[in-house]
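Please read the structure below before turning to the comments.
The values are calculated or read from the model by the stated rules, or taken from the named source; none is laboratory data. Note that the structure is a prediction, hence the values are computed from the model and not measured. Cβ atoms come from the backbone with ideal geometry, glycine included; neighbour counts cover every protein chain shown.
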2 protein chains.
Amino acid sequence: MMPELEETGKENIPIELTIKKAVEVICGKWRLVIVHLLRDKTLRYGEIKRLMPGISEKVLVHELKQLVELGMVEKQSYGEVPPRVEYRLNEKGRTVLPVIDLLGQVGKVFI
Amino acid sequence: MMPELEETGKENIPIELTIKKAVEVICGKWRLVIVHLLRDKTLRYGEIKRLMPGISEKVLVHELKQLVELGMVEKQSYGEVPPRVEYRLNEKGRTVLPVIDLLGQVGKVFI
């Protein structure tokens, strides 16, 4: 098990509950792709949009907002003209990366 | 990487596509809990329903149907009265178990 998860002190929570919470938080079609893109770099909104041709503006804005509210991604705004906004994955967000890697593998079984 | 995934010959498929397919196939709030329950036993419909108090009949029937159509679960009907129907996880279904275990851990971070 990943070390940073061992000390959560939440060992007795039934796995059905933690699975459902993880699915609720993590399993958005686009959400995991955004986290994957932010894996090892800070990106601006426009850069993320260009890397995700299939996503609409509305959905991307929503998903980024959700990721920030969930405490997985940090948003940095610079008081410049035109405005510059950057997104970065934080430690909580990084706990999801192993799931993404595994999903990336398992997804092949179903293609 | 899990051995049975290595020989898929689908190594060049972009991870964004495989993540999306995995999320589409796997990430249903109830679906993963059903797969988890079938982890090491064959269960009848009634047994699954009792183990999942929060799920409606309609949703459970739908999710089991989806799991069978996705080739993850096998359904065995016995010509008895009253009818007996059993569900069992097959090899394709078992490829999802590591994701469930990981989601079970990561979900704690968000509780």
Practice item. Kindly indicate which of B:64, B:103 is within 29 Å of residue A:53 (Cβ to Cβ) and crowded, with 17+ Cβ neighbours inside 10 Å. Key: B:103
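Taking the stretch A:8-51 as the region of interest, how many residues are more than 16 Å from residue A:86 (Cα to Cα) and either at pLDDT 90 or above or within 10 Å of another protein chain (Cβ to nearest Cβ) (or both)?
Initially, the stretch A:8-51 is screened for residues more than 16 Å from residue A:86 (Cα to Cα), giving A:8-33.
Checking the rest, the ones that are also either at pLDDT 90 or above or within 10 Å of another protein chain (Cβ to nearest Cβ) (or both) come to A:8-11, A:13-33.
Residues flagged as more than 16 Å from residue A:86 (Cα to Cα) and either at pLDDT 90 or above or within 10 Å of another protein chain (Cβ to nearest Cβ) (or both) within the stretch A:8-51 amount to 25.
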Review point. Where residues in the stretch A:56-111 are of a type in the set (Lys, Arg) and within 12 Å of chain B (Cβ to nearest Cβ), which of them is nearest to residue B:11 (Cα to Cα)?
Key: A:108
Practice item. Scan the stretch A:9-26 and report the pairs whose first residue is touching a residue at least 40 places away in the same chain (Cβ under 8 Å) and whose second residue is among the aromatic types (Phe, Trp, Tyr), with Cβ atoms within less than 8 Å and a gap of 6+ or a chain change. Key: A:22/B:110; A:25/B:110
Exercise for review: Please find, within the stretch B:69-93, the residue that is surrounded by the most Cβ atoms within 10 Å (Cβ to Cβ) out of those that are part of a helix (DSSP H, G or I) and in contact (Cβ under 8 Å) with a residue 12 or more places away in the chain.
Suggested key: B:93
Practice item. Output yes when any residue across the stretch B:100-107 is of a type in the set (Val, Ile, Thr), out of contact with any Lys or Arg (no Cβ under 6 Å at 6 or more places or on another chain) and closer than 25 Å to residue A:26 by Cβ, and no when none is. Key: yes
